[in-house]
Amino acid sequence: QVQLVESGGGLVQPGGSLKLSCVASGFAFRNFAMNWYRQAPGKERELVAAIASVGGSTNYADSVKGRFAISRDNAKNTVYLQMNTLKPEDTAMYYCFVHLWTGGYWGQGTQVTVSS
């Protein structure tokens, strides 16, 4: 079955960095675009970053452009989100997401808290 397992979240001070990982299984990872979403308390889930299956083209939410970088390692079935210059407003649960022929699949999420 499809599984997405995120890790790497935690508590970090403003201006700090974190790198999230999402290990995928149960599908042909290299053939599908991968996405990172986040959801803060009381807010809707929003797309943070996406990376194509081929060519590695990326897209980012305006709020994270220049600070976050998404990447993938197809040999490890893993997608990453490098987050730099973190701000308190980046505090949220971060989710990995993939849309397959059978539908959309979410990971369980990893919490990122930016606070001094």
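Things worth noting here:
- Reach of Lys65 by Cα under 16 Å, taken over lysines that are not fewer than 8 positions away in the same chain: Lys19, Lys87
- In the context of the full set of protein chains, the chain has a per residue accessible area of 53 Å² (1.4 Å probe).
- On the principal axes of its alpha-carbon atoms, the chain has extents of 41, 27, 22 Å, going from largest to smallest.
- Once the Cα-Cα distance is subtracted from the 0.36 nm per residue extended length, the Phe32 to Lys65 segment shows a gain of 9.6 nm.
- Percentage relative contact order, the chain, counting C-alpha pairs under 8 Å, at least six apart: 36
- Sites Gln3 and Ser116, calculated FRET efficiency, Cβ-Cβ separation with R0 25 Å, nearest 0.05: 0.10
The values are calculated or read from the model by the stated rules, or taken from the named source; none is laboratory data. All values derive from a computational prediction rather than experimental measurement. Note: ideal-geometry Cβ built from the backbone for every residue, glycine included; neighbour counts use all protein chains shown. The area values use the complete protein model at the heavy-atom level, side chains included, leaving out ligands, DNA and RNA. Shrake-Rupley method; radii C 1.70, N 1.55, O 1.52, S 1.80 Å.
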